[in-house]
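The values are calculated or read from the model by the stated rules, or taken from the named source; none is laboratory data. Worth saying up front: this structure is predicted, and the values here are computed from it rather than measured. Cβ placement follows ideal geometry from the backbone for every residue including glycine, while neighbour counts extend to all protein chains displayed.
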Amino acid sequence: MPPKHDPDSSRSIKVLRLFRKLMLEGKRHFQTDLAEEFQCSPQSIMRMMADIEAVVGINLESGLEKRRRWYQIRTISRNCLGLDFEELRYLSICRDLATSTLPEPVAKRVDDTILNLSVLMADQDYALRDKLQQPQLSFFSKGRIDYTPHLQHIEALNKAIEGKLACLVQYRASGKTECKEHRFAPARIVSMSGALYVLGAGLTENFSEQRHLTNLAIHRIHDVVLLERRHRLNLPEADPQEFGLPWHEPRTFAITFKAGKAADYVRERTWADNQRLEELENGDLLLEITTRSEPELMAWVRSFGDEIIEKA
């Protein structure tokens, strides 16, 4: 008979290890083999199985095979999360797509969650493979912004959005050397061109009225102070399918691109859901697009230089 005690392991730890073994391996385990592996008596295995059964109920199966007692956790209990491994794979792909924007602590937490899910779904090989392999998808970007120092600001803005709270934001605008305080009502955090922005409205001095719509780049925020003041502003909803961030009422523009690389580049991409492309007889391309961000659109147009024939 094996020794009844493993001096390096308490009974509670053994129960956890036993439960993990049943979950991960998904096959029949004989009582005598378990007793030898866990360095305890067969009676101790029976008592630990009773503890596990109290948690998983009828999903713990038991029987006799050639007069040997066996235990197994039914397959259905191993997928009680309602996920399959194809869904877990898609979650991993989404993680890979978002990694370049996520703050490091958030990215690590997502990694750990995917690992824990795969373990709970009883596929240790998948879990280890997902932890050790390189991402399936990668983004190569120039000038990536590290949002790790801004995680606290992002969390504060999320709380303000959820509670419709006004806040004070210390913000350094582009080209400026000093911060300016903004009375601000945040509405939504968005990602565009590899950067995060918070959309919202500036407020009057007594926080009662909206002054103007504005968008703040999160990496230029130096401090966010939540106030115990709820706002009742009906802020316009940002539409991710529009060109650029919302600044004004919708305006429509027509832009003609010369035949060649610029026209190919524009033709191969969707710039807004409401866009219209027209192939001209000489090979030029006409793009008709509606936006609430004219300055952003004009800056984009200027980036093509002499590849633009006209805009209206």
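Taking the stated definitions as given, is Thr270 in contact with a Pro (Cβ under 7 Å, 6 or more places away or on another chain) and modelled with pLDDT of 85 or more?
On the way: in contact with a Pro (Cβ under 7 Å, 6 or more places away or on another chain): no; modelled with pLDDT of 85 or more: yes.
No, not satisfied.
Scanning for something part of a loop (DSSP other than H, G, I, E, B) and under 25 Å from the mean Cα position of the chain (by Cα), does the range 219-232 turn up at least one residue? Checking the range 219-232: not a single residue is part of a loop (DSSP other than H, G, I, E, B) and under 25 Å from the mean Cα position of the chain (by Cα). Any chance the range 234-244 includes a residue that's modelled with pLDDT of 75 or more, more than 27 Å from Arg144 (Cα to Cα) and surrounded by 13 or more Cβ atoms within 10 Å (Cβ to Cβ)? No, every residue in the range 234-244 fails to be modelled with pLDDT of 75 or more, more than 27 Å from Arg144 (Cα to Cα) and surrounded by 13 or more Cβ atoms within 10 Å (Cβ to Cβ). Within the range 255-293, the residues that satisfy the criterion of being more than 22 Å from Leu245 (Cβ to Cβ), under 36 Å from the mean Cα position of the chain (by Cα) and among the charged types (D, E, K, R) are Lys261, Asp264, Arg267, Glu268.
With respect to the conditions (1) charged (D, E, K, R); (2) assigned to a loop (DSSP other than H, G, I, E, B); (3) modelled with pLDDT of 70 or more, Glu155 falls short on a single one, namely (2). In this entry, Ala160 passes the filter for residues that are at pLDDT 90 or above, surrounded by 15 or more Cβ atoms within 10 Å (Cβ to Cβ) and in the same structural domain as Gly202 (by TED's automatic domain parsing).
Filter the range 204-221 for residues that are over 15 Å from Tyr171 (Cα atoms) and hydrophobic (A, V, I, L, M, F, W, C) and give the result. Spell out how you get there, then give the answer.
As a first pass, look at the range 204-221 and keep what is over 15 Å from Tyr171 (Cα atoms): 204-213.
Across the range 204-221, the qualifying residues are Phe207, Leu213.
A residue that is part of a loop (DSSP other than H, G, I, E, B) and in contact with a helix residue (DSSP H, G or I) (Cβ under 6 Å, 6 or more places away or on another chain) cannot be found anywhere in the range 259-280. Total residues in the range 281-312 satisfying the condition of being assigned to a helix (DSSP H, G or I) and out of contact with any His (no Cβ under 8 Å at 6 or more places or on another chain): the figure is 11.
Considering only residues in the range 64-80 that are assigned to a loop (DSSP other than H, G, I, E, B) and closer than 13 Å to Met23 by Cα, the one that is modelled with the lowest pLDDT turns out to be Asn79. Would you check if Thr177 is surrounded by fewer than 17 Cβ atoms within 10 Å (Cβ to Cβ), farther than 25 Å from Glu296 by Cβ, among the polar types (S, T, N, Q) and outside the structural domain of Leu102 (by TED's automatic domain parsing)? So Thr177 fails the test.
Which residue, of Tyr197, Tyr126, is surrounded by 14 or more Cβ atoms within 10 Å (Cβ to Cβ), among the hydroxyl-bearing types (Ser, Thr, Tyr) and modelled with pLDDT under 75? Outline the logic, then answer.
On the way: Tyr197 fails: modelled with pLDDT under 75.
Of Tyr197, Tyr126, the one residue that is surrounded by 14 or more Cβ atoms within 10 Å (Cβ to Cβ), among the hydroxyl-bearing types (Ser, Thr, Tyr) and modelled with pLDDT under 75 is Tyr126.
Cβ-Cβ contacts under 7 Å between residues 6 or more apart (or on different chains), taken from a first residue in the range 50-69 that is in the same structural domain as Met23 (by TED's automatic domain parsing) and farther than 11 Å from Arg28 by Cβ to a second residue that is modelled with pLDDT of 90 or more and among the aromatic types (Phe, Trp, Tyr), are listed as Leu60/Tyr71. Quick one: how many residues across the range 190-210 are in contact (Cβ under 8 Å) with a residue 12 or more places away in the chain and either among the small types (Gly, Ala, Ser) or more than 18 Å from Glu296 (Cα to Cα) (or both)? Here the count works out to 11. Only one of the numbered conditions (1) modelled with pLDDT under 80; (2) within 41 Å of the chain's Cα centre (by Cα); (3) acidic (Asp, Glu) is violated by Glu61, and that is (1). Scanning the range 186-199 turns up one or more residues that are over 15 Å from Asn215 (Cβ atoms) and not in a strand (DSSP E or B).
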